Amino acid sequence: MAAHEEQQLRQVQSSGSRDALRDLLVAHQDRIYNACYQVLGRAEDAEDAAQEALLKLAEGARAARDADSFRGWVYRVSFRIALDHWRRREAVKNRESRAAMNRPASPPLDDRERIALFEAMDGLDDRERALLLEHYFEKVPLADLGERHGISAVAIWKRIDRAREKLKKALLGAGFVVATSRVSEALEASVPAAAPATLVGEAVLGKILAGGLAVGATKSSTIPVAVVTLVLLFGVSTGGYLLVRSRGSKPRVPMEQGKVSDEPIATTVPSTRAAAVEPPGSAPADPVPASNDLRERLKRYAAWHAQFRSKPYDHVLRQEGWKQLKGAREQIFEDPATFLEFIRDAANEEICEFLIGDALNRTEDRPNFGLIVHGQKYAEFPPALMEGILELLRLGTPTQQKGLLGFLGTVHEVPEGVDRLYEQLIDHPDPAIQAKALDALWRFRSLSPSTLDRVRKLFETATDQSVQSTAIWAISSSDQPEPRQWVVDRLETLQEPFLKLLLAEAAVRMNEKSAYDAASLDRIAAAMSAAVGDRPWILERWITAALQLPAAQSSRVLEAAIPHAKPPRLQELISKTLEKVRTGGIEPRTLSNEFSREARKN
């Protein structure tokens with residue numbers, strides 16, 4: 001099933017045809033309708049909410065990394081739309097009696113408790129919510145879920161159990177004390193509901209296509225891959241920014257694996273705030289009226305975020321969030337206590353992932369390119385602000401930690417104790433925190449051999465692709481013999497196509513910094529040649545990477561790629577590029593960039 005969903009998703013991303021889009025809608029209609037039905041309880045209401053969710057489905061497909069992440073996004077959107085419908089229905093007092101809702105005569109929870117439970121589920125991360133919905137709402141057995149995620153049924157059950165405990169804590173915090181003891185019973189009582197046959201009709205399909213949400217089959221067909229590429233290329237999410245950073249600093253001595261230490265972190269660094277210079281091209285911040293104090297700006301940002309949650313792919317709306325905090329960085333420097341108090345508040349927890357980066361990153365809006373985040377030095381920030389941030393990083397919730405790590409990933413020349421904290425968070429049970437901590441750790445420094453060894457072990461044991469992707473980037477930043485050899489070895493043995501591509505790109509980067517010997521280059525080319533046809537939708541990236549190798553190796557990869565190239569124009573482009581490789585006279589990097597530009601035109 002997972003492989004079939006992956007194929008359908010890639011078909012929409014690569015072709016955008018009406019038939020491909022219809023297949024994708026039909027594949028997900030039952031889970032969308034079922035999620036809406038569990039919340040709303042009435043078939044007609046569930047159908048209305050499900051059709052609204054379906055209209056957003058193609059938009060999410062455009063940016064999805066893989067089938068698992070897309071499935072999590074589908075659940076999130078369906079759930080939130082259903083909750084919005086329920087709230088509107090409640091507001092106009094238009095609900096029918098419970099007897100007409102096709103529910104058990106004595107449900108485990110009353111209506112208020114049930115909606116509180118669903119709102120608590122809405123607060124879970126996508127992975128946790130998806131597991132609960134699949135197991136309880138869709139009745140997918142633990143063994144099947146384990147097979148889908150590549151882990152045991154016992155491990156799946158532990159994840160579900162942890163998610164249930166979070167629900168109980170959320171209900172307790174919301175004042176539903178009695179309901180906490182009935183969470184499992186309420187989830188078990190769910191009865192799956194299949195979508196009506198008419199749900200995905202011509203009306204819904206026509207609205208999606210009319211709104212331009214289907215992926216185009218010509219020039220725009222490479223956009224989804226480009227989006228995924230940028231996300232993986234620059235590590236973990238930085239709240240929508242492209243990150244420009246330099247490398248430097250000495251390697252740190254890693255700390256032993258384990259929980260986050262309670263020992264205080266030495267954060268004393270000579271201040272350079274007075275000498276800080278805005279990056280070229282950055283516009284001066286507009287003056288902030290005295291009445292428009294920091295707290296009010298943060299509250300307005302929170303109101304913006306509530307709107308943004310329902311439209312997470314609305315770029316115009318996203319820009320409004322950035323504008324809300326224009327100039328707030330200077331206010332925070334003058335009043336760090338207010339900012340720290342705001343982000344510590346549990347009521348503001350869910351906005352931390354965006355707020356912290358939007359408020360503290362130094363950005364530049366380049367025409368025709370977008371927002372750029374510039375690296376910044378730890379010493380530029382007020383000591384009181386950084387001390388509070390590090391305390392919250394050690395003791396805060398996972399949501400707060402993700403937001404803090406996203407910001408800290410732009411900061412270099414950090415004190416030694418901060419690096420140790422990053423290393424401890426690599427062992428965090430939340431994969432998103434693992435990936436962000438690892439990203440922050442390697443960006444501005446060379447990792448020590450012992451830390452690199454830990455990162456390699458993390459790659460081998462991780463089940464989350466974002467963690468594995470970030471680990472590859474961290475390893476490829478080293479110029480030591482062991483990591484270089486490891487990349488080549490794993491390139492030959494790894495089976496997962498996308499991670500294999502990332503390893504190939506890592507090998508190319510390492511070769512540019514310090515050339516591999518001829519035997520290793522032949523091994524790299526052989527592995528790339530064998531894998532180049534595994535996923536046609538990433539063929540162009542294989543070629544782009546291969547062209548940065550010496551001609552003897554890159555020509556082998558291009559020869560292997562030609563039979564897999566579709567459409568014919570791409571096959572012709574690869575053939576022409578191969579001739580240029582054989583003729584010589586063009587630098588590999590130049591030829592790679594030229595191919596990439598021409599491929600986008602196709």
Would you mind calculating the gained length between ALA303 and ILE586 on full extension (0.36 nm times residue separation, minus the Cα-Cα distance), in nm to one decimal?
96.5 nm
Could you compute the FRET efficiency for ASP479 and ALA153, with r as their C-beta to C-beta distance and R0 at 60 Å, rounded to 0.05?
0.90
Full-extension gain in nm, ALA346 to ILE562, via 0.36 nm per residue minus C-alpha separation:
72.2 nm
So for region 479-602, what percent of the C-alpha to C-alpha distances run longer than 25 Å?
17
Peptides ranked, highest mean first, by Cβ atoms within 10 Å: ranges 443-450, 78-85
78-85, 443-450
Stretch ALA43-SER17 to full length: gain in nm at 0.36 nm per residue minus the Cα-Cα span?
6.3 nm
Given a Förster distance of 51 angstrom, what is the FRET efficiency for THR338 paired with ASP144, based on the Cβ-Cβ distance and rounded to 0.05?
0.55
Order of VAL154, VAL12 - criterion: other Cβ atoms within 10 Å of each residue's Cβ, fewest first:
VAL154, VAL12
Two pseudo-spin positions, 7 Å from Cα along C-beta at ALA552 and at GLU496, lie apart in nanometres by 3.4
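Throughout, read-outs are computed from the coordinates displayed, never taken from laboratory work. Everything quoted here is computed from the prediction, not taken from an experiment. Because the Cβ atoms are built from the backbone with ideal geometry, glycine has one as well, and the counts that use them run over all protein chains shown.
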